[in-house]
Amino acid sequence: MNVRETNYWLETVSAAAESSHDALPESADVAIVGAGFCGLSAARALAKRGVRVAVLEAETLGWGASSRNGGMVLTGMKLPVPTLISRYGREAVQRMYAASLESIDLVEQIVKEEGIECAFSRCGHLEVACKAAHFNDYEKAAARIQREFGHQLRIIHKSKLRQEIGSDIYFGGLVDETSAGVNPAQYVAGLAKAAQRAGACLYEHARVLAVNPESSNATRRFRLTTARGSLTAREVLLASGAYTSSATPALRKKVIPIGSYIIATEVLSADLALELIPRNRMIYDSKHFLYYYRLTPDNRMLFGGRAAFFPESPSTIRESAELLRQGMIQVYPQLRDTKVEFVWGGTLDFTFDVMPHSGTIDGMPFAVGFAGHGVAAATWMGAKLAAVICGEPDNNPFSKIPFPGAPIGLRSGSTWALPLAGMYYRVLDFFT
Ligand SMILES: Cc1cc2nc3c(=O)[nH]c(=O)nc-3n(C[C@H](O)[C@H](O)[C@H](O)COP(=O)(O)OP(=O)(O)OC[C@H]3O[C@@H](n4cnc5c(N)ncnc54)[C@H](O)[C@@H]3O)c2cc1C
């Protein structure tokens, strides 16, 4: 297979935001570590309030998960609602669910307000059941979500599934019309430009190597040492996601980096694209090690999965092209002779309780743990953190929940035990 090992989405970005070539300022009100959805959304919101912001990005703007993902702008959270309610109580979960819906509205609002051309569309998502038992659970889940949150999902029986997907391997589906799709690389590039227009200074190749508290005249500040020099800041906002490094060890210990991979085919004919995903939904299946797929705006099949309990590397990316192609043709035998043109990988930010979290760690505001919901959730969390830094009350339902770290021995800098966790979920997929 002659496949380009490069992120297809980046090929569609015509004018990326320009990093500042100036030396770092001596000081900023807020220094933000990481220029993904979270950091840039926070930077935009802070700069619009007149705060002096410096965004420090180790690589290039949007380099992390934000430009590499599936572009699915999804409702809800990773865990099932009954699990969430038994953990956090009904009222808290109602606020979390409302936040998940609000976060999609926020992405839509930013795209409109800032005139970002990123093919944002409220096309809805479809979850497909890999087993009959999974489909049986959909009915209960939809009824519970309607009852608890007044949010309507639609059950699709197997006999009607062809209206939603050109595949016969599934046992039924669940549609949520509120979800959306976007070109993530165009969106994050647009967000960077919006933050810059609002007055934020963006610095690429400025990896933060250390953050140390300083105090003078009883005023607390932080000194950040970066690959481009150092600066001080009153507040440091950590938006480094799955790529969180040893510069902020307390946060790093709480993040599980999970590699995930995507292929994109050649452009399909309009008829074939319509047969495969007639309503242009964002689709994912019901397994723990799930496949997620969609059409790109130019009608390629974008097919992702193959999650692994370690970050991506050149060799895992190369292997993924054929493995994902096999997965794709199990779902869509129609694509047997279709060329795969692109393969790439990225790292997702999971946490030990599979929840998003925000709050303060070592005196620094942070948000992390968006997993497969980060397009909307990271945008929303960034804006919320900005509001709190500006003195607004913290009404974020994810900032009040306990944030567990790694069980002893599982991850204290090394990742030796995580493949065992991977095996556990594969076994679960087999039996449940
Ligand atoms: C393959 C893949 C598919 C996905 N699909 C979806 C999807 O369809 N829908 C969805 O909602 N979510 C999806 N996600 C998840 C989503 O992309 C992330 O949750 C989201 O992008 C996280 O945004 P962020 O701003 O927190 O982090 P990131 O976008 O990862 O940005 C963090 C940035 O911090 C920088 N950084 C780290 N350490 C330092 C340092 N010391 N100094 C300076 N900079 C630093 C990194 O270079 C990076 O650019 C997917 C992720 C992957 C990898």
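Counting Lys and Arg as +1 and Asp and Glu as -1, each charge on the Cβ, what is the dipole of the chain about the Cα centre in debye, to the nearest 20? Please report the intermediate quantities before stating the final value.
Working: 45 positive and 42 negative charges, 175 e Å.
Taking the Cα centre of the chain as origin, the dipole is about 840 debye.
Apply the a/c threshold of 1.5 to the C-alpha gyration tensor of the stretch 1-98 and tell me whether it is rounded, prolate or oblate.
On the way: a/c = 3.00, a/b = 1.28, b/c = 2.33.
Note, shape of the stretch 1-98 comes out oblate.
Report, to the nearest whole %, how much of the accessible area of the stretch 1-56 belongs to carbon and sulfur atoms, 1.4 Å probe, protein only.
Details: 1090 of 2470 Å².
For the stretch 1-56, the apolar C and S fraction of the accessible surface comes to 44 percent.
Have a look at Phe366, Phe398, Phe352 and tell me which one the Gaussian network model of the chain (Cα, springs below 10 Å) gives the largest fluctuation.
Phe352
Structure shown: which of Lys131/Lys160; Lys158/Lys339; Lys112/Lys384; Lys140/Lys160; Lys78/Lys287 lie over 22 Å apart, alpha-carbon to alpha-carbon?
Going by Cα-Cα distance, Lys158/Lys339 fall outside the 22 Å limit.
I'd like to compare 191-201, 353-363: which one has the highest average count of other Cβ atoms within 10 Å, and what's the full order after that?
On the way: 191-201: 22.5, 353-363: 18.7.
Per-residue Cβ counts within 10 Å, averaged per peptide and sorted highest first, yield 191-201, 353-363.
Give me log10 I(q)/I(0) at q = 0.16, 0.25 Å⁻¹ for the stretch 225-320, Debye formula, one equal scatterer per alpha-carbon, no solvent.
-0.84, -1.26
Hey, can you find the accessible area per residue of the chain for me, probe 1.4 Å, expressed in square angstrom? Mind showing how you got there, number by number?
Details: 18170 Å² over 432 residues.
Value for the chain: 42 Å² per residue.
Across bins of 10 angstrom width beginning at 0, how are the C-alpha pair distances of the chain distributed, in whole percent?
The percentages, shortest bin first, are 4, 22, 33, 27, 12, 3, 0, 0.
Could you grab the relative contact order for the chain? Cα pairs under 8 Å, six or more apart, rounded to a whole percent. The partial results should precede the final answer.
On the way: 951 pairs, mean separation 105.7, N = 432.
Computed value for the chain: 24 percent relative contact order.
Using the alpha carbon gyration tensor of the stretch 98-154, what are the three equivalent-ellipsoid semi-axes (square root of 5 times each eigenvalue), largest first, in whole Å? Display every interim value, and only then the final one.
On the way: eigenvalues 177, 46, 9 Å².
Rounded to whole Å, the semi-axes are 30, 15, 7.
Which semi-axes, in whole Å and largest first, does the equivalent ellipsoid of the stretch 175-277 have when worked out from the alpha carbon gyration tensor as the square roots of 5 times its eigenvalues? Can you show the working numbers first?
Details: eigenvalues 317, 63, 39 Å².
Whole-Å semi-axes of the equivalent ellipsoid: 40, 18, 14.
Can you tell me the relative contact order of the stretch 88-207? Whole percent, Cα pairs under 8 Å, sequence separation 6 or more.
On the way: 132 pairs, mean separation 40.4, N = 120.
Once normalised by length, the contact order is 34 percent.
Which of Glu108, Glu392, Glu177 moves the most in a Gaussian network model of the chain with Cα springs under 10 Å?
The residue that fluctuates most here is Glu392.
Suppose R0 equals 45 Å. What FRET efficiency, 1/(1 + (r/R0)^6) with r the Cβ-Cβ distance, do Glu18 and His288 give to the nearest 0.05?
On the way: r = 41 Å, r/R0 = 0.92.
Taking R0 as 45 Å, the efficiency between Glu18 and His288 is 0.65.
Taking all protein chains together and a probe of 1.4 Å, list Ser245, Ser86 from the most accessible to the least accessible.
I get Ser86, Ser245, largest accessible area first.
Just add up the charged neighbours of Asn280: K/R +1, D/E -1, any other residue whose Cβ is under 11 Å from the Cβ of Asn280.
Details: positive: Arg122, Arg279, Arg281, Arg294; negative: Glu164.
Its environment carries a net charge of +3.
Count charges around Glu57 for me, please; just the other residues with Cβ under 10 Å from its Cβ, Lys/Arg as +1, Asp/Glu as -1.
Working: positive: Arg207; negative: Glu59, Glu204.
Neighbour charge sum, excluding Glu57 itself: -1.
Please give the contour-minus-distance gain from Ser313 to Ile169: 0.36 nm per residue of separation, less the Cα-Cα distance, rounded to one decimal in nm. Could the numbers behind the result be given before it?
Numbers: separation 144, 0.36 × 144 = 51.84 nm, distance 3.13 nm.
Length gained, Ser313 through Ile169: 48.7 nm.
Once you sort the root eigenvalues of the Cα gyration tensor of the stretch 47-134 as a ≥ b ≥ c, which label holds: rounded (a/c under 1.5), prolate (a/b larger than b/c) or oblate (the other case)? Let's see the in-between values first.
Numbers: a/c = 1.96, a/b = 1.55, b/c = 1.26.
Judged from the Cα gyration tensor, the stretch 47-134 comes out prolate (a/c at least 1.5, a/b above b/c).
Once Rh for the stretch 318-416 is found with the Kirkwood sum over Cα pairs, what is the Stokes-Einstein diffusion coefficient at 4 °C and 1.567 mPa s, in µm²/s?
Details: Rh = 16.8 Å.
My calculation gives 77 µm²/s for D.
Quote to one decimal, in nm, the extra length available between Lys131 and Arg220 on full extension: 0.36 nm per residue of separation minus the C-alpha distance between them. Show your work: numbers first, answer last.
On the way: separation 89, 0.36 × 89 = 32.04 nm, distance 5.58 nm.
My answer for the length gained is 26.5 nm.
Quick one: net charge of Arg300's neighbours, Cβ under 12 Å, K/R +1, D/E -1?
Numbers: positive: Arg294, Lys339; negative: Glu11, Glu266, Asp298, Glu341.
Once positives and negatives cancel, what remains is -2.
Just the number, please: carbon plus sulfur as a percent of the accessible area of the stretch 196-344, 1.4 Å probe, no ligands or DNA/RNA counted. Write out the running numbers ahead of the final one.
On the way: 3240 of 6250 Å².
So the carbon and sulfur contribution to the accessible surface is 52 percent.
The values are calculated or read from the model by the stated rules, or taken from the named source; none is laboratory data. Since the model is a prediction, treat every value here as computed from it, not as a measurement. With ideal geometry, Cβ positions are generated from the backbone for all residues, glycine too; neighbour counts draw on all protein chains shown. Protein only, heavy atoms only, side chains kept; ligands, DNA and RNA dropped before computing areas. Shrake-Rupley method; radii C 1.70, N 1.55, O 1.52, S 1.80 Å.
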